[in-house]
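The values are calculated or read from the model by the stated rules, or taken from the named source; none is laboratory data. All figures in this text were calculated on a predicted structure; none of them were measured in a lab. Reconstructed Cβ throughout: ideal geometry from the backbone, glycine too, with neighbour counts over all protein chains shown. For the accessible areas, the whole protein counts, side chains as well, though only heavy atoms, and no ligand, DNA or RNA atoms are used. Shrake-Rupley method; radii C 1.70, N 1.55, O 1.52, S 1.80 Å.
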Amino acid sequence: QVRLVESGGGEVQAGGSLRLSCATSGANFKIVTVSWYRQAPGQERDFVANISSAGMRNYADSVKGRFTMSRDNARSTAYLEMKNLKPEDTAVYYCRLWWRREFWGKGTQVTVSS
């Protein structure tokens, strides 16, 4: 059973920082690409960032230079370091991986106030 659990969300003021974690179990974490997505109220779920098994990263244009994704294979955990947060970053952030099929976590809420 593959399980993803996001944590680290909260409410911060614009310009603040948060670090999200995605703790996984049940998959061969070291060989999978892990992704972060986010969904704002009334919006579609959008890609934020991903990191491959080799450590290659991709970011949405809207977060480049502000967000950094990393992974700890020993802990089967991925992270999203978010700096200089903006009100438009407010959303539920979801972790995703593909291990024989797609798996999602339940999300963690990030709220950025102006």
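Counting the residues of the range 1-12 that are open to solvent by 50 Å² or more (accessible area, probe 1.4 Å) and either aromatic (Phe, Trp, Tyr) or part of a strand (DSSP E or B) (or both) gives 4. Within the range 52-62, the only residue that satisfies the criterion of being in contact (Cβ under 8 Å) with a residue 12 or more places away in the chain and not in a loop (DSSP other than H, G, I, E, B) is 57. If the condition is being among the aromatic types (Phe, Trp, Tyr), assigned to a strand (DSSP E or B) and either in contact with a helix residue (DSSP H, G or I) (Cβ under 9 Å, 6 or more places away or on another chain) or closer than 13 Å to residue 71 by Cβ (or both), then the range 25-41 contributes only 36.
Residues in the range 63-72 that are surrounded by 14 or more Cβ atoms within 10 Å (Cβ to Cβ) and part of a loop (DSSP other than H, G, I, E, B): 2 in all.
Filter the strands (runs of 3 or more DSSP E) completely within the range 73-114 down to those with at least 3 residues that are modelled with pLDDT of 95 or more and open to solvent by less than 40 Å² (accessible area, probe 1.4 Å). I'd like the intermediate steps shown before the answer.
Values: elements: 77-82, 91-98, 102-104, 108-113.
Per the criteria, 77-82, 91-98, 108-113.
Is it true that residue 56 is aliphatic (A, V, I, L, M) and exposed (fewer than 13 other Cβ atoms within 10 Å of the Cβ)?
Values: aliphatic (A, V, I, L, M): yes; exposed (fewer than 13 other Cβ atoms within 10 Å of the Cβ): yes.
Yes; evaluated as a whole, the condition is true for this residue.
Selection of the range 13-24 for residues being part of a strand (DSSP E or B) and open to solvent by 50 Å² or more (accessible area, probe 1.4 Å) yields 13, 19.
Among 40, 27, 49, which is closer than 14 Å to residue 82 by Cα, small (Gly, Ala, Ser), touching a residue at least 12 places away in the same chain (Cβ under 8 Å) and open to solvent by less than 90 Å² (accessible area, probe 1.4 Å)?
On the way: 40 fails: closer than 14 Å to residue 82 by Cα; 27 fails: closer than 14 Å to residue 82 by Cα.
Among 40, 27, 49, only 49 is closer than 14 Å to residue 82 by Cα, small (Gly, Ala, Ser), touching a residue at least 12 places away in the same chain (Cβ under 8 Å) and open to solvent by less than 90 Å² (accessible area, probe 1.4 Å).
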